[in-house]
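Trainee: Structure below; questions to follow.
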Amino acid sequence: MAAMDDRQAVGWLHRRAGFGLHPDALEAAIDRGPDVELDRLLRPDDHGLPEAEDPWAGLALDPEDNGRQEAVVGWLRQLLVTERPFEDRRTWMLHGWLVSSMGKVNDPGVMVEQIRLFEAAGGGSFPTLLKALTTNRAMLIYLDGRTSTAAAPNENYGRELLELFALGVGNYTEDDVQAAARALTGWVVARRFDTSRFVPARHDDTPQTVVGVSGVNDVDSVIEAVVAHPEHPRFVARRIVREYLGDPGELGGVVDELAGVYDAADRELDPVIEHALRLGLGGASTPRVLAPIPWLAIAVRATGVRLEQIFRAGRERMREMGQIPLVPPSVAGWPTGEEWFTSSSIIARTNLAAAVAAATDRGEPVRVALDDDDLDLVAARLGLAAPFSAATSAAIRRETDPDVRLTLALVSPENLLS
């Protein structure tokens, strides 16, 4: 991809590192320019942006009442209105990487606790985050760490730590999984005290060898051994590339460059993401399919619609689209790329786009541009990097119903990509 002009660059930034912008906010951001806008995304405090609000503040989140729905709706609403989109998009990324699911955890308050951990610590030291995650209540429940004892060590968390969270297939052995499992025994979930707790009598203190590092016998030493593996920085870099830049296989030496940034930045994530976004502004980016929730957030923010206006349709369609916040389908997270283009998911997106279109005020800038048949302006107001294709433009112009025209724009191939 070639370097972008200011309009393209700002739209790209907010579709990749945030959740899009309303056209009025987009114009203000373009006036500030991509360099200032990137700094506002990364360092909102320096630009006087309001403190982030806790979307679950004041909610009981009772698993026996309506707590599961309140937890999901609270977070979805936050993504739609956030004034700190970079932080919320980073948290969303971590939720799909370091996965737990309310489907098994079955306690919305415990799941929310994990998301708050990602929000608070997600941009800092990744090894420190992994240590906190290992004894996080949601993770102890989801990957069975709470039942892992010296007499019966459970391998689930150790395996996923090595395969999905920090190293990747081919960089560890079954012996490493078993050794990590023994070293991580002894942690339990103390629901009564809203915390996790280490019980020495349940722990195997025998020194283990994990990925070539000997003397491993607790959480800290397991994580330190794993992140000392020479492939760990490249694993993290590939994950950042996939999230913010596109296909690592098409981006040459970008993975190695970001792995170097990760090491040089004391293994903090935000410097790596910032470097990636700067590379993207310079052209190091490939098209990326938007998952359903980021796509929905971008559509809602671009049209000025409120969640309450589409709540019933959104609740019905999220499951059909295949993505519900707090409920990833497996420890591997959600599908990626063209895996989202199933017939059922596209139909659900189209139905939800129709609900968004019906709720969009006639005075909204995207709607006005459509009424004027200025499709290049429609694309610009959606933050797209290029105008609609001839085929998309022809499909929109064949329709006379304003709601149908907007629906087609929202589910166009161009708007399904970032």
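Trainee: Scan (1) open to solvent by 40 Å² or more (accessible area, probe 1.4 Å); (2) at pLDDT 95 or above; (3) of a type in the set (Phe, Trp, Tyr) for the single condition residue 311 breaks and write down its number.
Mentor: Only one criterion is unmet by residue 311, namely (2).
Trainee: Please determine whether any residue of segment 287-302 is modelled with pLDDT of 95 or more, assigned to a helix (DSSP H, G or I) and among the aromatic types (Phe, Trp, Tyr).
Mentor: yes
Trainee: Something else about it: Filter segment 385-417 down to the residues that are open to solvent by less than 20 Å² (accessible area, probe 1.4 Å), touching a residue at least 60 places away in the same chain (Cβ under 8 Å) and either in a loop (DSSP other than H, G, I, E, B) or on the phi > 0 side of the Ramachandran plot (or both) and list them by number.
Mentor: 415, 416
Trainee: How about segment 342-382: which of its residues are exposed (fewer than 15 other Cβ atoms within 10 Å of the Cβ) and assigned to a loop (DSSP other than H, G, I, E, B)?
Mentor: Residues satisfying the conditions are 342, 361, 362, 363, 372, 373, 374.
Trainee: Failed condition for residue 336, given (1) touching a residue at least 40 places away in the same chain (Cβ under 8 Å); (2) within 16 Å of the chain's Cα centre (by Cα); (3) open to solvent by less than 50 Å² (accessible area, probe 1.4 Å), with all others met?
Mentor: Among (1) touching a residue at least 40 places away in the same chain (Cβ under 8 Å); (2) within 16 Å of the chain's Cα centre (by Cα); (3) open to solvent by less than 50 Å² (accessible area, probe 1.4 Å), the lone unmet condition for residue 336 is (3).
Trainee: For segment 196-229, how many residues are of a type in the set (S, T, N, Q) and either in a helix (DSSP H, G or I) or open to solvent by 60 Å² or more (accessible area, probe 1.4 Å) (or both)?
Mentor: 4
Trainee: Quick one: which residue in 140, 80, 98, 117 is in a helix (DSSP H, G or I), out of contact with any Lys or Arg (no Cβ under 7 Å at 6 or more places or on another chain) and at pLDDT 95 or above?
Mentor: It is 117.
Trainee: For segment 165-179, how many residues are open to solvent by 40 Å² or more (accessible area, probe 1.4 Å), farther than 15 Å from residue 216 by Cα and part of a helix (DSSP H, G or I)?
Mentor: Residues that pass the stated criteria total 1.
Trainee: All but one of (1) over 22 Å from residue 165 (Cβ atoms); (2) free of Cβ contacts under 8 Å to residues at least 40 places away in the same chain; (3) part of a helix (DSSP H, G or I); (4) not aliphatic (A, V, I, L, M) hold for residue 252; state the number of the condition that does not hold.
Mentor: Of everything listed in (1) over 22 Å from residue 165 (Cβ atoms); (2) free of Cβ contacts under 8 Å to residues at least 40 places away in the same chain; (3) part of a helix (DSSP H, G or I); (4) not aliphatic (A, V, I, L, M), residue 252 misses just condition (3).
The values are calculated or read from the model by the stated rules, or taken from the named source; none is laboratory data. This is a predicted model, so every value here is computed, not measured. Every residue, glycine among them, receives a Cβ derived from its backbone with ideal geometry; neighbour counts consider all protein chains shown. In case anyone asks, the SASA skips ligands and DNA or RNA and just uses the protein heavy atoms, side chains included. Shrake-Rupley method; radii C 1.70, N 1.55, O 1.52, S 1.80 Å.
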